[in-house]
1. Condition test on D:VAL85, is it surrounded by fewer than 17 Cβ atoms within 10 Å (Cβ to Cβ) and out of contact with any His (no Cβ under 8 Å at 6 or more places or on another chain)?
2. Going through A:ALA73, A:ALA8 one at a time, which residue ends up being under 11 Å from the mean Cα position of the chain (by Cα), facing chain D (nearest Cβ under 9 Å) and crowded, with 16+ Cβ neighbours inside 10 Å?
3. State the number of residues belonging to the range D:81-137 that are assigned to a strand (DSSP E or B) and over 10 Å from the mean Cα position of the chain (by Cα).
4. Among residues belonging to the range D:41-56 that are facing another protein chain (nearest Cβ under 8 Å) and of a type outside the set (Asp, Glu), point out the one that is nearest to C:ILE95 (Cα to Cα).
5. Sort out which residues of the range C:124-139 are of a type in the set (A, V, I, L, M) and within 12 Å of chain B (Cβ to nearest Cβ), and write them in order of number.
6. Any idea which of D:THR119, D:THR83, D:THR40, D:THR115 is more than 30 Å from A:GLU71 (Cβ to Cβ) and among the hydroxyl-bearing types (Ser, Thr, Tyr)?
Amino acid sequence: MMNIKILAFGIAKDIFGGSTISIELDENATTKQLKTQLETAYPRLKQLASYMVAVNNEYADDAGLITEHDEIAVIPPVSGG
Amino acid sequence: MMNIKILAFGIAKDIFGGSTISIELDENATTKQLKTQLETAYPRLKQLASYMVAVNNEYADDAGLITEHDEIAVIPPVSGG
Amino acid sequence: MNTQIEIHTEPLNVQSCIDWIMSPHSGGIDVFIGTVRDMTKGKTVVCLEFEAYNQMAIKEMEKIAQQAFDNWPVQKILIHHRTGVLAVGEIPVIIAVSAAHRAAAFEACRYIIDTLKETVPIWKKEVFEDGEVWVAAHP
Amino acid sequence: MNTQIEIHTEPLNVQSCIDWIMSPHSGGIDVFIGTVRDMTKGKTVVCLEFEAYNQMAIKEMEKIAQQAFDNWPVQKILIHHRTGVLAVGEIPVIIAVSAAHRAAAFEACRYIIDTLKETVPIWKKEVFEDGEVWVAAHP
């Protein structure tokens, strides 16, 4: 198992109750597995119009692997500008 | 006959040799007649890509009449901005 | 007043244009700034000289602003044009348009500069090291 | 450098953006200025709060600038975005694009703001008198 720190922004901060959370994840979990686990722990994520996961400052595919020292962020729908 | 003062701008100033010229025009001449008379006196006008006549600060149709107290201007192709 | 249309013989001031166009009601502002380029068609430009038929030019610019108001939901329109001799890097024209939403600001601003170049009685002479030419005068 | 991409916690300065983008090689500059509107969907806005994932936001804005350079003959691109609490009338974003010819400046500037609003990890919270909402969060 890996202990992964996840950064949260915008409404994800409200949903997680803070700007970072930690979760336990299987070694070599995919982004998809991370999302499923997050949605189980924080069902309000499923009510968002959409959300993405960023790994090391890049939008990640569902199939992408997550390793222990990656910087992981939950990216709710953006609204800058 | 009317004595009409004509304002010139841009290359028309060079063609006329000054920023205003005076010409004798029949009473109730049209813009078209004015243009024909100018082109006879200043043949280089015909080499322009195009040119317009303005009467009282409005672009004039060829059929428009010119009267003695109108403000007449020759408008070569514009190139502002 | 929701338009400010002016012809200046002194340098145009971008900041004062921005100050005028800004408003708590607008969400987006598009500003076009024309600048004197150092080269045209491969030739070095020494300076540009702009001449305007002032009174008619103002009227024509007012018409264009009105057309923009008729065609897009825009809030304020500013058009400042410079005349006289301009060095490379100077600003012949500033157009600024504010709107609640950005699409209208962009489209109206583009319309205004495109139409200004077609209809407003202002003329530009390009001065090169070896001569000068009134732009667009000849085919 | 032909790009200047920055995120600021202090008020954005339009004049310094203009000073950076102006160049003797350009003929046209398009500047988009986003401003905080006093109303949205009929409700009075008290303020907006912008939050950014700074490092990733800079990377995404750099990608957008590169796409603009790939698609239009533009010379310089500036993107400044503000974060923190902004009052009505303040400026969340300034985008400035210079080009030899105006069409490229307009089109690239429009592309940059449209794409920024879709891909750059920055979030806006609208604060009303009776509550607040993260924009676009819900369907």
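We did not get these values from a lab; they are worked out from the coordinates using the rules stated. Everything numeric here is computed off the predicted structure, so don't read it as measured data. Neighbour counts run over all protein chains shown; Cβ positions are idealised from the backbone, glycine included.
1. yes
2. Result: A:ALA73 is the single residue among A:ALA73, A:ALA8 that is under 11 Å from the mean Cα position of the chain (by Cα), facing chain D (nearest Cβ under 9 Å) and crowded, with 16+ Cβ neighbours inside 10 Å.
3. The total comes to 18.
4. Of everything passing the filter in the range D:41-56, D:PHE50 is nearest to C:ILE95 (Cα to Cα).
5. Matches in the range C:124-139: C:VAL133, C:VAL135, C:ALA136, C:ALA137.
6. Result: D:THR40 is the single residue among D:THR119, D:THR83, D:THR40, D:THR115 that is more than 30 Å from A:GLU71 (Cβ to Cβ) and among the hydroxyl-bearing types (Ser, Thr, Tyr).
Rundown of residues vs (1) closer than 28 Å to C:THR40 by Cβ; (2) more than 10 Å from every other protein chain (Cβ to nearest Cβ); (3) surrounded by fewer than 14 Cβ atoms within 10 Å (Cβ to Cβ), yes/no style:
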site: D:GLN15; (1), (2), (3): yes, no, yes
site: D:GLY28; (1), (2), (3): yes, no, no
site: D:ILE58; (1), (2), (3): no, no, no
site: D:PHE69; (1), (2), (3): yes, yes, no
site: D:TRP72; (1), (2), (3): yes, yes, no
site: D:LYS76; (1), (2), (3): yes, yes, no
site: D:VAL93; (1), (2), (3): no, no, no
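Residue by residue, here is whether (1) buried (at least 16 other Cβ atoms within 10 Å of the Cβ); (2) of a type in the set (Val, Ile, Thr) holds:
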{"residue": "A:MET2", "(1), (2)": "no, no"}
{"residue": "A:PHE16", "(1), (2)": "yes, no"}
{"residue": "A:ILE21", "(1), (2)": "yes, yes"}
{"residue": "A:PRO43", "(1), (2)": "no, no"}
{"residue": "A:ASP62", "(1), (2)": "no, no"}
